[in-house]
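Read through the structure below, which is laid out as structure tokens, and then see the notes.
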Amino acid sequence: MSFSKKDIAGMLEEYEKDYHTGMDIDAMSGMIYDYTSGYPYLVSWLCKCIDEDISGSTDFPVRKMAWTKSGFLEAEKMLLNDKNTLFESLVNKLTDYPELKNVLYELLFTGKAIPYNPLNKYIETAEMFGFIKNENGSAVISNRIFETVLYNLFISEEYMDSKIYDAGLREKNQFVNGGHLNMRKVLEKFVETFDYLYGDQNESFLEEAGRRYFMLFLKPIINGIGNCYVEPETRNRERMNLVVDYRGEQFVVELRIWHGDAYNKRGEKQISEYLEYYGLKKGYMISFNFNKKKKESGVKEIIVGDKVLIEAVV
């Protein structure tokens with residue numbers, strides 16, 4: 001059972017009759033649905049958190065301020081830091097079914113497709129608990145919240161032995177100015193650090209690891225204040241769009257494998273369209289180019305229509 005966007009809007013309308021917050025019900029119900037896919041526990045937790053914890057806090061002293069995008073993102077951050085039975089159950093299922101953990105890891109970081117087969121024991125179990133669903137014949141993670149929980153889990157298991165995580169941790173203070181995340185500087189430092197640590201590795205290793213390493217580098221920089229998630233429809237072996245939320249600001253970073261100039265131009269057009277969807281004028285793109293004969297690493301700024309793209313080549 002799950003709620004539709006219409007169901008969530010109906011509940012918010014009832015709430016609005018009592019409290020008159022002036023919230024944009026269509027926008028709020030859409031945001032809640034986008035992050036939860038209508039999973040009842042998650043919908044209830046987020047709404048309760050906004051009403052009881054976010055509203056009346058220092059940054060959101062009245063309900064009208066809490067029932068906004070900024071208030072919602074603050075509630076999402078609190079949810080992701082909450083140790084609840086639902087998230088514990090998700091982690092326990094990965095322990096009980098290591099095969100499922102392995103394929104979800106591949107799906108999240110490399111874009112490997114997982115065929116949906118209800119006769120497969122770990123697929124059946126994960127679906128029964130609502131952690132994955134069937135989407136056009138592929139098993140996909142049910143919602144953005146679960147996906148972020150898994151990313152955080154996998155990254156936390158790697159960070160102790162990760163040199164690039166350590167580099168992000170050591171350098172984190174230089175990326176935030178006046179409470180604002182300087183994403184261009186993040187890309188510049190990532191290119192420099194990645195080339196230094198892994199520039200001599202073979203191509204197949206780097207293609208598998210590149211995007212994961214950027215997330216490992218980014219995690220300690222935004223940890224405790226911001227979150228990031230991947231837009232599901234862009235997750236494949238060629239590209240994926242990472243959306244970073246930091247103090248109410250959003251950054252779209254496309255991560256892709258380099259396949260020549262023509263392919264790269266298509267990528268620039270695609271991210272420009274994504275920026276339009278998010279109402280942003282500036283975006284970021286990291287191209288992992290492992291053809292050493294044609295490699296030209298660095299960061300540059302390009303204009304695509306009315307959008308500015310900060311493009312890094314690793």
Exercise. Working out 0.36 nm times the residue gap between Glu106 and Asp26, then minus their Cα-Cα distance, what length gain in nm do you get to one decimal?
Worked result: 25.3 nm
For this session: Would you mind checking Lys101/Lys121; Lys17/Lys48; Lys101/Lys133; Lys163/Lys300; Lys6/Lys64; Lys185/Lys300 for any pair whose Cα atoms are more than 19 angstrom apart?
Result: Lys163/Lys300; Lys6/Lys64
For this session: Can you send over the solvent-accessible area of Asp51, 1.4 Å probe, protein chains only, in Å² to the nearest 10?
Result: 40
Problem set entry | Largest-first principal axis extents of the Cα set of the chain (Å) | 65, 50, 36
Seminar exercise, completed: Length gained, Glu124-Arg266, 0.36 nm per residue minus C-alpha separation, equals 47.3 nm
Exercise. Mean residue ellipticity at 222 nm from the helices of the chain, using -39,500 (n - 2.57) per DSSP H segment of n ≥ 4 over the full residue count, to the nearest 500 deg cm²/dmol?
Worked result: -16500 deg cm²/dmol
Problem set entry | Compactness of region 95-143, expressed as Rg and Dmax over alpha-carbon positions, Å | 9.7, 27
Exercise. How high is the FRET efficiency between Glu16 and Tyr41 when r is their beta carbon distance and R₀ equals 35 Å, given to the nearest 0.05?
Worked result: 0.95
For this session: Keeping all protein chains in place, calculate the accessible area per residue for the chain (probe 1.4 angstrom), answer in Å².
Result: 49
For this session: State the extension gain, in nm to one decimal, for the chain segment bounded by Ser89 and Tyr278, taking 0.36 nm per residue of separation less the distance between their alpha-carbons.
Result: 64.7 nm
For this session: Heavy atoms only, probe 1.4 Å: what % of the accessible area of the chain goes to carbon and sulfur, would you let me know?
Result: 49
Exercise. How big is the accessible area of Val308 in square angstrom, nearest 10, if you roll a 1.4 angstrom probe over the protein chains?
Worked result: 40
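The values are calculated or read from the model by the stated rules, or taken from the named source; none is laboratory data. These numbers come from a predicted model, not from an experiment. Cβ: placed from backbone, ideal geometry, glycine included. Neighbour counts: every protein chain shown. Please note that ligands, DNA and RNA were not included when accessible areas were found on the heavy atoms of the full protein model with its side chains. Shrake-Rupley method; radii C 1.70, N 1.55, O 1.52, S 1.80 Å.
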